[in-house]
Amino acid sequence: MTAAVLAPGLSPAAKRLLWSWLRLLAGAAILGFLCWQLGTGALLDGVRAVNLPAVAAALGIGLLTTVFSAARWVLIARRLGLRLPLGEAVAAYYRALFLNVALPGGVLGDVHRAVRHGKDEGDLGRGVRAVVLERAGGQVVLIAAGIAVLAVQPTLVPAQAREVITTIGVALVPVVLALLAVAPVVARRWADSPSKWRRGVAVTVADVRTGLLSARTWPGVLALSAAALAGHLALFLVAARVAGTDAPIFELLPIFLLALLAMGLPVNVGGWGPREGVTALSFGAAGLGAAQGLTVAVVYGLLSAVASLPGAGVLVFGRRSSERREAVTERHDEPVEHVPALCRSGQ
């Protein structure tokens with residue numbers, strides 16, 4: 001149910017604001033319910049469990065996953081004709097990760113990254129589409145892995161949830177296949193349409209085919225997404241060990257995949273909420289204890305925040321560097337005062 005349904009008389013801006021608050025409240029409600037059911041001890045245990053070796057591991061793993069994700073962005077952006085050096089992409093990705101963690105909603109950093117790169121390249125629409133496709137590539141790999149997990153270990157989630165997930169999956173497959181078949185035909189017909197909206201759809205479809213689905217792009221996107229996913233799973237494993245969970249890796253990895261899937265739900269507070277709920281639920285279903293699952297999720301959330309901290313440095317020092325460049329540009333643009341010919345000649 002969207003804000004438009006809840007409050008049809010509001011302006012579009014007010015509806016977006018209401019929907020943002022509803023998402024935040026939903027995430028906070030999930031955390032509150034977990035603390036009510038499991039007690040605050042599990043949450044506090046997660047906070048106390050974080051130590052220096054875990055922080056060092058988070059920074060190292062975070063560096064690898066950020067480089068893999070940034071390289072995926074570079075690959076897609078360059079296929080769309082945008083300039084994006086890897087170093088700049090890594091810095092921008094770190095900044096986006098930090099903003100995603102620090103600001104509510106969990107996506108504002110990616111919005112900033114997309115808009116800034118698009119403006120720098122003089123093509124805002126294509127810059128935004130590059131980021132959307134980059135994130136979509138990672139989500140497709142994650143969803144595929146999650147579906148595989150549910151097929152192998154369906155008991156990790158309640159029967160009702162399995163039925164809902166299965167129904168959605170069965171319904172989405174023909175829809176996706178139909179879109180892949182119809183979209184190119186529609187795009188070709190709409191490419192020269194007088195309608196701005198139709199031309200926009202045609203351009204978007206062309207960018208999806210070039211930037212994500214072409215034979216020169218998707219293998220690299222798949223490999224980089226799998227590498228980034230492995231990094232996130234490794235960080236979850238570190239969190240589990242730090243929290244005192246000694247269950248085998250093959251038993252924990254499916255739970256971690258489901259938790260990562262839950263993080264994509266648009267009802268969270270800086271990434272918190274659904275992740276903790278799904279982890280607690282899955283740990284309980286696996287016989288590992290729901291409270292222990294909440295503790296592991298809290299440790300992972302804190303380590304993820306630590307891994308994003310280099311983005312704070314990029315945000316601060318990048319802004320200072322930009323201000324210095326602007327100041328130098330302004331000085332160079334100042335009109336040169338008239339200098340007598342005698343002085344100009346050095347006589």
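The values are calculated or read from the model by the stated rules, or taken from the named source; none is laboratory data. What you see is a predicted model, and the numbers here were worked out from it, not measured in a lab. Quick reminder, even Gly has a Cβ in these numbers, built from the backbone with ideal geometry, and neighbours come from all protein chains shown. Just the protein is used for accessible areas: all its heavy atoms, side chains included, with ligands, DNA and RNA removed. Shrake-Rupley method; radii C 1.70, N 1.55, O 1.52, S 1.80 Å.
Tabulated values for the structure
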quantity	calculated
Every residue from the stretch 111-135 that is open to solvent by less than 40 Å² (accessible area, probe 1.4 Å) and farther than 13 Å from residue 207 by Cα	113, 114, 117, 118
Residue match in the stretch 237-253 (condition: under 26 Å from residue 154 (Cβ atoms) and of a type in the set (S, T, N, Q))	yes
Selection count where residues are loosely packed, with under 15 Cβ neighbours inside 10 Å, outside any loop (DSSP other than H, G, I, E, B) and either out of contact with any Lys or Arg (no Cβ under 9 Å at 6 or more places or on another chain) or modelled with pLDDT of 85 or more (or both), scope the stretch 174-207	14
Qualifying positions in the stretch 213-226 - part of a helix (DSSP H, G or I) and open to solvent by less than 30 Å² (accessible area, probe 1.4 Å)	220, 221, 225
Lone unmet requirement of (1) open to solvent by 70 Å² or more (accessible area, probe 1.4 Å); (2) touching a residue at least 40 places away in the same chain (Cβ under 8 Å) for residue 44	(2)
Search result, residues across the stretch 184-225 that are of a type in the set (Asp, Glu) and over 23 Å from the mean Cα position of the chain (by Cα)	192
Residue list for the stretch 281-300, filter: crowded, with 22+ Cβ neighbours inside 10 Å and either modelled with pLDDT of 90 or more or among the polar types (S, T, N, Q) (or both)	282, 283, 292, 293, 294, 295, 296, 297, 298, 299, 300
Subset tally (residues that are open to solvent by less than 30 Å² (accessible area, probe 1.4 Å), assigned to a loop (DSSP other than H, G, I, E, B) and more than 13 Å from residue 131 (Cα to Cα)) for the stretch 78-110	2
Residue identified as part of a loop (DSSP other than H, G, I, E, B) and hydroxyl-bearing (Ser, Thr, Tyr) among 279, 245, 210, 295	245
Test result for residue 132, assigned to a helix (DSSP H, G or I) and either of a type in the set (S, T, N, Q) or free of Cβ contacts under 8 Å to residues at least 24 places away in the same chain (or both)	yes
